[in-house]
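Peer 1: What follows is a structure written as structure tokens; I'll ask about it next.
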Amino acid sequence: MQGIPLYRSREETFSQHEEDERRRALITGNIRLAVFVLTLAGFLAFLYHEWIIAAVGFLLLGTGFFIHLILRHGRILLRRDRAARLRAINADAAERLAGKWTHFSPDGSEYRDEKHTYASDIDIFGPASLFQWVCVARTRLGRLLLRDMLASTPPAPHVILENQECIRDLAPRLEWRQRFECAGRLIPRKGDHPEELLEFAESDATFYPKRFAQAMRYIPLVTFPAGLYLLFVFGTYGPLVLILLLHVLIGSLIFRRNEKLMDAISRQRDNFASYIELISLVEEEEFTAAHLSGLRGRYLNPQGESASSAIRNLRSIADFLDARHGPVVHLLANGLCLWDLQGLLRFQAWRGRNGKQVRAWLEGLARLEALSGFAGAYYDHSNWCFPVLSEGEPLIDSKGMGHPLILEEARVDNDLSLEKKGEVLIITGSNMSGKSTLLRTIGINLVLAYAGAPVCASSFRAGLFELHSAMRIKDDLENHVSTFYAELLRIKGVLESAQAGRPVFFLLDEIFRGTNSHDRHVGARTVLRQLSRLGASGLVSTHDLELGDLEKESPEVFRNFHFREHYEGDQIRFDFRLRPGISQTTNASHLMRMVGIEIPDSQIP
């Protein structure tokens with residue numbers, strides 16, 4: 001069973017589990033209510049008959065059973081919620097395969113940057129983007145790492161190979177990947193901001209001098225016995241009240257001095273449950289990829305507590321410090337035992353043991369989240385291939401390459417090859433024939449390749465380039481920048497990178513469309529010649545058929561390809577197949593007539 005049927009079957013299974021647990025929760029809740037009523041009634045009945053021992057015994061027995069039911073009810077709710085998350089995960093997986101994923105969140109819109117060298121042109125972030133399609137990360141660090149993997153210059157080849165090995169290892173682990181994502185979904189969408197916690201965890205500063213703090217910790221062991229002694233011997237409450245007030249004053253000073261830290265721990269408290277489950281899953285799994293095995297070893301400490309145990313202890317400290325949210329309880333707790341000081345000293349001791357490792361733990365989870373998204377894509381598209389990358393030639397040699405975000409039944413795959421530095425492919429064709437889609441297909445597959453992910457192709461070889469594009473150029477009214485000038489600035493960036501000697505691959509769509517035909521033609525020819533001389537390679541799409549004459553001038557570096565269409569009655573049909581040579585057809589006049597513009601037959605080519 002593969003694909004959508006597999007995920008729908010799993011969705012149905014977890015939906016049934018969710019319903020079963022919901023019924024158990026309802027039954028347990030009703031039993032709990034009945035036990036409460038019966039316990040109270042029995043207690044009062046025994047009291048009425050003055051059977052004191054029986055009343056107390058019945059009350060203790062009923063209370064114990066009631067507490068047991070509360071705990072059982074809590075476990076049932078946890079299982080119900082886990083089943084609900086797994087049901088949603090499988091529903092999302094089925095919708096992703098069906099092409100109904102553009103409502104997924106997050107979509108990475110916060111990472112959009114119109115000045116980025118390629119991200120805005122080839123749909124890396126935002127609605128209907130690669131980020132939205134592949135992201136299963138729920139931690140903030142996981143999303144940031146995925147952003148960097150999709151929008152940074154290519155990493156070193158060994159890093160790409162390492163990612164490929166990890167993705168191959170993770171891909172068949174469907175159960176584990178879904179449990180890992182399920183644990184991540186415990187984190188609120190906007191609640192994971194570990195920066196404050198990391199700042200305090202990694203700090204070397206102590207809250208108080210060690211000897212002073214230890215002395216303060218044990219003050220209640222001296223003051224309260226003394227106060228109680230005076231109370232019982234002399235019958236005066238004055239010393240005991242003064243001791244309570246002194247403790248409250250000390251507690252207030254401690255609270256004010258460390259409120260920022262305590263709030264940081266408290267804000268992360270709800271995330272600790274997710275971290276514990278995520279790390280436990282890593283600790284329990286036996287990976288075959290060397291990097292994943294090393295990452296797992298990061299969480300296991302033979303000489304001390306494991307990472308999951310450490311986070312569990314940190315959560316108990318957060319629970320301890322959360323007493324401050326009840327003002328009366330907080331005052332009483334500080335008055336009795338300097339509660340906040342005890343919690344802070346526990347955190348200080350915890351930080352001494354684990355503080356320097358927390359960032360590595362969270363970054364390891366982030367790495368697994370980012371890689372799991374790509375592993376899911378490979379599991380769902382096992383006919384895709386892992387690219388072979390090198391710093392030499394050929395620049396790109398792909399077979400059966402398609403756009404990964406287009407459904408397979410609607411996608412048309414093409415072969416493409418650029419064999420040497422400075423080579424430029426000139427793509428011509430009618431409107432809607434597939435020129436821009438081809439450019440985006442190459443760009444998005446290169447992005448996947450550099451992330452270490454599989455690409456939508458039957459085979460794919462590529463060099464390591466700095467990717468540049470100029471496709472969806474917009475004006476900037478605030479800074480008085482026209483569309484044409486914005487495009488010039490983007491082209492300037494491509495030229496500067498090439499002039500600096502960096503390996504550049506460019507994607508230019510309808511170059512200089514914002515000016516007159518003469519200047520557009522002259523400017524395009526000049527720019528393409530200059531880029532080729534500098535060793536930059538890439539593709540340019542154009543309606544300027546005369547630009548194809550560059551192949552006649554320099555056939556060793558310029559090559560023409562085109563898309564074509566045909567007509568069935570009044571309908572325009574496209575096959576989206578890339579062919580060598582210059583386009584011999586246009587369809588703008590036909591399209592204008594289709595929308596009601598009255599163009600004479602004699603004027604239609």
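The values are calculated or read from the model by the stated rules, or taken from the named source; none is laboratory data. In this text, all values refer to a predicted model and were calculated from it rather than measured experimentally. Cβ placement follows ideal geometry from the backbone for every residue including glycine, while neighbour counts extend to all protein chains displayed. Surface accessibility is based on the protein's heavy atoms, side chains included, excluding ligands, DNA and RNA. Shrake-Rupley method; radii C 1.70, N 1.55, O 1.52, S 1.80 Å.
Peer 1: Ranked from the most accessible area to the least, with a 1.4 Å probe and all protein chains present, what is the order of 566, 403, 291?
Peer 2: Reading off the accessible areas and sorting them downward yields 566, 291, 403.
Peer 1: I would also like to ask the following. Where the only charges are on Cβ atoms (+1 Lys, Arg; -1 Asp, Glu), what is the dipole of region 38-142 about its Cα centre, to the nearest 20 debye?
Peer 2: The dipole of region 38-142 has a size of about 440 debye.
Peer 1: How far apart, in nanometres, would the label points at residue 348 and residue 12 be if each is projected 7 angstrom from Cα along the Cα-to-Cβ direction?
Peer 2: 6.1
Peer 1: How many percent of the accessible area of the chain is carbon or sulfur, using a 1.4 Å probe?
Peer 2: 58
Peer 1: What aspartates and glutamates does residue 421 reach when the alpha-carbon gap must be under 12 Å and sequence neighbours fewer than 8 apart in one chain are set aside?
Peer 2: The qualifying aspartates and glutamates are 391, 393, 556.
Peer 1: Sticking with this one: Any idea what the dipole of the chain comes to, in debye rounded to 20, about its Cα centre with Lys/Arg Cβ at +1 and Asp/Glu Cβ at -1? Present the calculation step by step, with values, prior to reporting the outcome.
Peer 2: Values: 71 positive and 73 negative charges, 460 e Å.
The dipole magnitude comes to about 2200 debye.
Peer 1: With unit charges on the beta carbon (Lys/Arg positive, Asp/Glu negative), name the residue among 333, 3, 223 whose Cα is farthest towards the positive pole of the charge dipole of the chain.
Peer 2: Of 333, 3, 223, it is 223.
Peer 1: Is it possible to state the helix-based mean residue ellipticity at 222 nm for the chain, with each DSSP H run of 4+ residues giving -39500 (n - 2.57), the sum divided by total residues, to the nearest 500 deg cm²/dmol? What is it?
Peer 2: The helix-only estimate for the chain comes to -19500 deg cm²/dmol at 222 nm.
Peer 1: Which of the listed residues, 426, 452, 489, is farthest toward the dipole's positive end in region 417-508, when Lys, Arg count +1 and Asp, Glu count -1 at the beta-carbon?
Peer 2: It is 452.
Peer 1: Compute the acute angle (0 to 90°) between the alpha-carbon long axis of helix 517-533 and the principal axis of greatest extent of the alpha-carbon atoms of the chain; round to the nearest 10°.
Peer 2: 70
Peer 1: Let me ask something else. Obtain the nm distance between the two label points defined at residue 577 and residue 63 by a simple spin-label model: each point lies 7 Å from its Cα along the Cα-to-C-beta direction.
Peer 2: Distance between the two pseudo-spin positions: 8.3 nm.
Peer 1: I need to check one value: relative contact order of the chain, counting alpha carbon pairs closer than 8 Å and at least 6 residues apart, in percent. Could you put the intermediate results ahead of the total?
Peer 2: Working: 877 pairs, mean separation 84.6, N = 605.
Computed value for the chain: 14 percent relative contact order.
Peer 1: Let me ask another. Please state the relative contact order of region 473-552 as a whole percent: Cα pairs under 8 Å, 6+ residues apart?
Peer 2: It comes to 29 percent, rounded to a whole number.
Peer 1: Then there is this: Probe 1.4 Å, all protein chains in place: accessible area of residue 182 in Å², nearest 10?
Peer 2: Accessible surface of residue 182 is approximately 0 Å².
Peer 1: While we're on this one: Put +1 on the Cβ of each Lys and Arg and -1 on the Cβ of each Asp and Glu in the chain; which of 535, 150, 410 then has its Cα farthest toward the positive end of the dipole?
Peer 2: Farthest along the dipole direction, towards plus: 150.
Peer 1: Going down the list 435/474; 474/552; 399/474; 399/435; 115/356, which pairs span over 26 Å between their C-alpha atoms? Present the calculation step by step, with values, prior to reporting the outcome.
Peer 2: On the way: 435/474 19 Å; 474/552 33 Å; 399/474 33 Å; 399/435 18 Å; 115/356 36 Å.
474/552; 399/474; 115/356, as the Cα separations exceed 26 Å there.
Peer 1: Could you state the angle between the C-alpha long axis of helix 3-48 and the longest principal axis of the C-alpha atoms of the chain, as a value from 0 to 90 degrees rounded to the nearest 10?
Peer 2: Once rounded, one gets 20 degrees.
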